[in-house]
Amino acid sequence: MVSNKEKNFLSVVLYVHNNEENLKNFLPKLYPILNDNFNAFEIIFVNDCSVDDSVAAIRQFSNTFDNAMISIVNMSVYQGLEISMNAGVDLAIGDFVFEFDNLVIDYDPHLILQVYQEALKGYNIVTAAPEKNKRSSSRLFYSIYNKFTRSGDKLRNETFRVLTRKAINRVHSINKTVPYRKAIYANCGLKTTTISYPSLKSKDKKFSKREVTYRSELAMDSFILFTNLAYRVALAISVLMLLSTIGVGIYTCVVFFWVKQPVEGWTTTMLFLSSGFFGVFLLLSIIIKYLSVLVDMTFKRQKYLVDSIEKITK
């Protein structure tokens, strides 16, 4: 046990959605790191409508915690990772705040302390990321995102991170509604760094149909909000439509001068109208998606829906 513990108050926010088995493996490894190295800390579990015994597992392990303030934030309806974690971070009062999006522990638990110590060197956001990303869908998302991002900082698969209070205040000053935290962190202008680690053998989390749908929608929103992918697609469509229009004009001239008995403009008109309407509707769909995301961010007063907060203090 460390005799000279850290004086900074620490908050740990964990996302929980049907994570009963992972909690049973994760919490016994997390708690000794916190208890041995920090004078005071709190653990905030954000329960995003779990249907298994995740909450019961939390209560069971909380009985073994001697020096921790524990809160369970029960969301009213399933709201996904990003909004749920926003609720947990808003409740956190620590000088430093850990965010654990994933409770699959494929690293040495002492990496948690290493990430914190790196933050003490002046970094406002420090992340832990595996050296290799196992999921092909994640690799595809990050490759597209990083190619078209407006930020110089590239995103990658991350396991957990620690933020200073300055970083949290900066993010909230940028936008009170945080649609995708990693992108906001990359664009907040503060000093960040990443610690890579070789992944230990572990089972990947299996996502439910609801989670897959949520992650797909989040990916689309992120492409529109934080990259110029939609702009480039719209520009390409506009150029294609211009070339099509020129081609239709050339075709019309050829028919007029070289075909003795052309159909009375029906073919040309239909080609032009079909291609024109295709481009217009595709552009409108992109514009509508832009507007829907912006409306949600600007006018959505309720950021998240919390059913109850249970305090467990030992």
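Structure values in brief
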read-out: Yes/no for Val115 being modelled with pLDDT of 95 or more, in contact with a helix residue (DSSP H, G or I) (Cβ under 9 Å, 6 or more places away or on another chain) and surrounded by 20 or more Cβ atoms within 10 Å (Cβ to Cβ); value: no
read-out: Pair list, Cβ under 8 Å, 6 or more apart: segment 130-154 residue of a type in the set (A, V, I, L, M, F, W, C), other residue surrounded by 15 or more Cβ atoms within 10 Å (Cβ to Cβ) and assigned to a helix (DSSP H, G or I); value: Phe141/Ala219; Ile144/Phe223; Ile144/Leu229; Phe148/Phe223; Phe148/Leu229
read-out: Members of segment 118-144 that are crowded, with 17+ Cβ neighbours inside 10 Å and in contact with a strand residue (DSSP E or B) (Cβ under 9 Å, 6 or more places away or on another chain); value: Glu118, Ala119, Tyr123, Asn124, Ile125, Val126, Thr127, Ala128, Ala129, Pro130
read-out: When residues of segment 103-131 are limited to those that are over 23 Å from Cys188 (Cβ atoms) and β-branched (Val, Ile, Thr), the one nearest to the chain's Cα centre (by Cα); value: Val104
read-out: Sole exception among (1) assigned to a strand (DSSP E or B); (2) farther than 22 Å from Leu120 by Cα for Ser50, by number; value: (1)
read-out: Within segment 145-170, considering residues that are assigned to a helix (DSSP H, G or I) and modelled with pLDDT under 85, the one least open to solvent (accessible area, probe 1.4 Å); value: Tyr145
read-out: Filtered residues of segment 42-69 (kept if over 19 Å from Asp101 (Cβ atoms), crowded, with 17+ Cβ neighbours inside 10 Å and not small (Gly, Ala, Ser)); value: Phe61, Phe65, Met69
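The values are calculated or read from the model by the stated rules, or taken from the named source; none is laboratory data. Treat the numbers as computed from the prediction; the structure is a model and nothing was measured. Neighbour counts are summed over all protein chains in view; Cβ atoms, including those assigned to glycine, are modelled from backbone coordinates with ideal geometry. Ligands, DNA and RNA are excluded from the accessible area calculation, which covers all protein heavy atoms including side chains. Shrake-Rupley method; radii C 1.70, N 1.55, O 1.52, S 1.80 Å.
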